[in-house]
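Asker: Just dropping this structure here.
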Amino acid sequence: MDATDTKILMLLQENASISIAELAQRVNLSQTPCWKRIQRLETTGVIEKRVALVNSEKVGLGLTVFVSIEIADHSGQWLQRFAELVSAMPEVMEFYRMAGDVDYMLRVAVPDMAAYDRFYQRLVEAIPLKNVTSRFAMQRVKSTTAYDLVAIGDRRSLI
């Protein structure tokens, strides 16, 4: 990946619906080489997919809950079953296996506290868990999906 690829990615992270013509102009390429670079970035998995970001509050999902989960059973079979169950829950927006005192962390989006309680009941009834701790977001201070690729590239050049 070179500086032009980085510029393309930065611009696509800002606006994935930018036209190829405008993108090519902004990175000083003609349209065909620019399109080929995007295709290569998609083929190699650097670009996973292009999506529309939806305002959760405007679609009725105004409550964000961070759920920490500790488990007692660490067998492969149990972990696979747990991952499948949680991944299938539409309220779960992000799902991470963690290092440290918590085994898993979820980011859950629901309309309100009653909806979270229904989610929580389904979660704890679906599979045995050691401990579940819920933290409710009061305000979203920052939310981004864009990585600072320029800073990463700068750090790589120092190594």
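The values are calculated or read from the model by the stated rules, or taken from the named source; none is laboratory data. Just so you know, these numbers come straight off a predicted model, no measurement behind them. For neighbour counting, all protein chains shown are included, and Cβ atoms are generated from backbone atoms with ideal geometry for every residue, glycine included.
Asker: Can you confirm whether Ile152 is under 30 Å from Asp5 (Cα atoms) and among the hydrophobic types (A, V, I, L, M, F, W, C)?
Answerer: yes
Asker: Cβ-Cβ distance below 6 Å, separation of 6 or more or different chains: which pairs start in the stretch 116-138 with a residue that is under 15 Å from Phe82 (Cα atoms) and end on one that is assigned to a loop (DSSP other than H, G, I, E, B) and of a type in the set (Ser, Thr, Tyr)?
Answerer: none
Asker: Kindly check whether there is at least one residue in the stretch 142-149 that is surrounded by 14 or more Cβ atoms within 10 Å (Cβ to Cβ), within 30 Å of Thr6 (Cα to Cα), within 17 Å of the chain's Cα centre (by Cα) and not hydroxyl-bearing (Ser, Thr, Tyr).
Answerer: Among the residues of the stretch 142-149, at least one is surrounded by 14 or more Cβ atoms within 10 Å (Cβ to Cβ), within 30 Å of Thr6 (Cα to Cα), within 17 Å of the chain's Cα centre (by Cα) and not hydroxyl-bearing (Ser, Thr, Tyr), which makes the answer yes.
Asker: Criterion first (modelled with pLDDT under 95 and either on the phi < 0 side of the Ramachandran plot or under 19 Å from the mean Cα position of the chain (by Cα) (or both)) does Ala24 satisfy it?
Answerer: no
Asker: Right, here's the next one. Taking Leu11 as meeting all but one of (1) surrounded by 12 or more Cβ atoms within 10 Å (Cβ to Cβ); (2) touching a helix residue (DSSP H, G or I) at 6+ places or on another chain (Cβ under 9 Å); (3) part of a loop (DSSP other than H, G, I, E, B), write down the number of the exception.
Answerer: Result: Leu11 passes all but (3).
Asker: Is it the case that some residue within the stretch 134-157 is of a type outside the set (Gly, Ala, Ser), touching a helix residue (DSSP H, G or I) at 6+ places or on another chain (Cβ under 6 Å) and more than 30 Å from Ile18 (Cβ to Cβ)?
Answerer: No, the stretch 134-157 contains no residue that is of a type outside the set (Gly, Ala, Ser), touching a helix residue (DSSP H, G or I) at 6+ places or on another chain (Cβ under 6 Å) and more than 30 Å from Ile18 (Cβ to Cβ).
Asker: OK, next. Determine whether Arg50 is of a type in the set (D, E, K, R), touching a residue at least 24 places away in the same chain (Cβ under 8 Å) and farther than 21 Å from Arg122 by Cα.
Answerer: yes
Asker: Also, quick follow-up: Out of everything in the stretch 9-39 that is among the basic types (Lys, Arg) and touching a residue at least 12 places away in the same chain (Cβ under 8 Å), what residue ends up being nearest to Ala151 (Cα to Cα)?
Answerer: Arg26
Asker: Sticking with this structure for a sec: Would you confirm whether or not the stretch 25-36 contains a residue that is surrounded by fewer than 13 Cβ atoms within 10 Å (Cβ to Cβ), more than 21 Å from Leu106 (Cβ to Cβ) and of a type in the set (A, V, I, L, M)?
Answerer: no
Asker: I've got another one for you. Pick from Val124, Val132, Val86: which is surrounded by 17 or more Cβ atoms within 10 Å (Cβ to Cβ) and either touching a Pro at 6+ places or on another chain (Cβ under 7 Å) or not in a loop (DSSP other than H, G, I, E, B) (or both)?
Answerer: Val86
Asker: Is it the case that Val51 is among the β-branched types (Val, Ile, Thr) and under 21 Å from Val141 (Cα atoms)? Lay out the reasoning, then the answer.
Answerer: Values: among the β-branched types (Val, Ile, Thr): yes; under 21 Å from Val141 (Cα atoms): no.
It is false that Val51 is among the β-branched types (Val, Ile, Thr) and under 21 Å from Val141 (Cα atoms).
Asker: Have a look at Thr64, Thr44, Thr32 and point out the one that is among the hydroxyl-bearing types (Ser, Thr, Tyr), more than 20 Å from the chain's Cα centre (by Cα) and either closer than 30 Å to Phe136 by Cβ or not assigned by TED's automatic domain parsing to the domain that holds Tyr120 (or both).
Answerer: Numbers: Thr64 fails: more than 20 Å from the chain's Cα centre (by Cα); Thr44 fails: more than 20 Å from the chain's Cα centre (by Cα).
Going through Thr64, Thr44, Thr32 in turn, the sole match is Thr32.
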